[in-house]
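Structure first, then comments.
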Amino acid sequence: MSADRPVPGLKRLDPIPPRARAFQGLRAGVVSRTVAGAIDYAIIASLTLGTYAAVAIVLFLFNPTGYQFPRWPFWWFLVIGFSLMISYLTLAFGTRGRTVGDRVMGLRVVGHHGHRMWWGVAFVRAAFCTAVPIGLWWCAISRENRSLQDLLLRTSVIHEWPTPVQPLAPKDAADRTEL
Amino acid sequence: MPEDVPVTDDRGDADATDEPVALVPALRPSAPALPPAVEGTIDVAIGAAVTVARPVVGVTLALGRAAEPFVRDTVHLLAHPPLVPEQLTLGHLATTLAGRGRLVRRAAGGDAAEATGQVLDIAVPSVLDPVLDRIDLTSLVISRVDLGRLVAAVLDRMDLTEVVLERVDLEPIVTRALDGMDLTTVVLERVDLGTVIERALDTMDLTDTVRSRVDLKSIAEEVIDEVDLPEIIRGSTTGVAADVVDGTRLVAMNGDEVVNRIVDRLLLRRKARRTAAAGWTGTDDDEVRTVTELLTGDGPVAAGPSTRPEGDDATAGHAEGSGES
């Protein structure tokens, strides 16, 4: 973890508001996670429709005179959407532990020991989240704010607001009041 | 003039002050009076003389005026008798004598004037000095002279500023005056600085003065160099968006708490939720310090049970090992 390597002269203030600091590292509740999931679903829906639009454009370029919009059955959209969602979530869980929705809501998915999860776990969790999205709402009932996916894979979704890197000189930091 | 400087007379003789002369008032209240008998006699004599002399003088003048043509012709006839050569007449003789006398008078006039001046040089000081020593000239001038008019007339005729600038060494005077006074206090107490500044500002074009005397360009460049303007612009534009995101997160967190509370009541739970994530020691992003830690030099924030609200009873290991409730 980069917190263990000191960077001489590069200190920065905590940009997290005081009200939210105490919640950092705690498992998030159902509202925060639902909002983050809704953002992710909106992104995947946009990507799915974007895929359809891209295919339609390519077909138009190949046959502009006799062009017709491609007629896909609904389950094609489901397959594409599910594929995109699993890929997207796997990539997000296995790298920074954040989807776009998680980043917006200041959440992070961590593994069994509070660190980044393995890629296999990330893929299984992504598939589980895609197949049983309603499992997210179990965290409202769980005493540990865990969803069904978290219970099975021993993962956690915690509050961890992203902090941009803003190095400040020690003198500047000493002159300022606490945020 | 300092008081310790000895008074000297015009000849520079300081000993003249050793024997003070008693001054007498220049203006006597009245002239010394003669005895009444003498005054009466004199008045009678003057009256008789005037009474007698006036008709005598009048008659004499009338006779003179009447006889003037006759006397003039007679004198002319005697001076220039007929049938007598002109060189032998009395008139010619008188004219010749008059010319010679005129020449002599003119030749002696310069010597007489010089001699008169020498006499005056000797006589006047010897007379005037004792007189002035005995007269209180100051009181005489004060009482007899209209000093106001005199000074006004003198000041009208002279350029006092020019005289002071030429004759007076102003620097030691001003220096001594400034040494003896607290100029700041005097100005603060006696001068209406607000009015002075306001009037000065009214009479000057401050904008034009600043433009002509201040190197605004270099100052602006220096300020821009000191200030990271792009960073300020970036910070001001991203600050609004960051505030909106922070607000959304806080609202969602409050929503979490509300939902948790409702569910816990419905499920009749009495213990608080154990939401601490196992093994989490802080953000992966970078070192984060609070201001207090920056000032005290402590290490980075170790977010964990110590930062938990409401005294959560779960430790990391306990929360991790407990599983789902």
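Results, tabulated for the structure shown:
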quantity: Most to least packed among B:266-277, B:174-185 [average Cβ atoms within 10 Å]; calculated: B:266-277, B:174-185
quantity: Amide H partners (placed H, <5 Å) of residue B:276, local residues excluded; calculated: A:27
quantity: Other-chain or far-sequence residues with amide H under 5 Å of residue B:135's (modelled H); calculated: B:24
quantity: Rg ratio (alpha-carbon, reference 2.2 N^0.38 Å) - region B:72-196; calculated: 2.50
quantity: Size-normalised alpha-carbon gyration radius of region B:147-226, reference 2.2 N^0.38 Å; calculated: 1.90
quantity: Interatomic Cα distance distribution for region A:66-169, bins of 10 angstrom, percent; calculated: 14, 40, 25, 12, 6, 2, 0
quantity: Overall form of region B:122-259 per C-alpha gyration tensor (a/c, 1.5; a/b vs b/c); calculated: prolate
quantity: Dipole moment magnitude, nearest 20 debye, region A:49-151 about Cα centre, only Lys, Arg, Asp, Glu C-beta charged; calculated: 220
quantity: Averaged over A:105-111, number of beta-carbon atoms from partner chains that fall within 10 Å; calculated: 4
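Read the figures in this text as sums done on the coordinates, not as results from a lab. These numbers were taken from a predicted model, which means no experiment stands behind them. Counting neighbours? That spans all protein chains shown, and the Cβs are built from the backbone with ideal geometry, glycine included.
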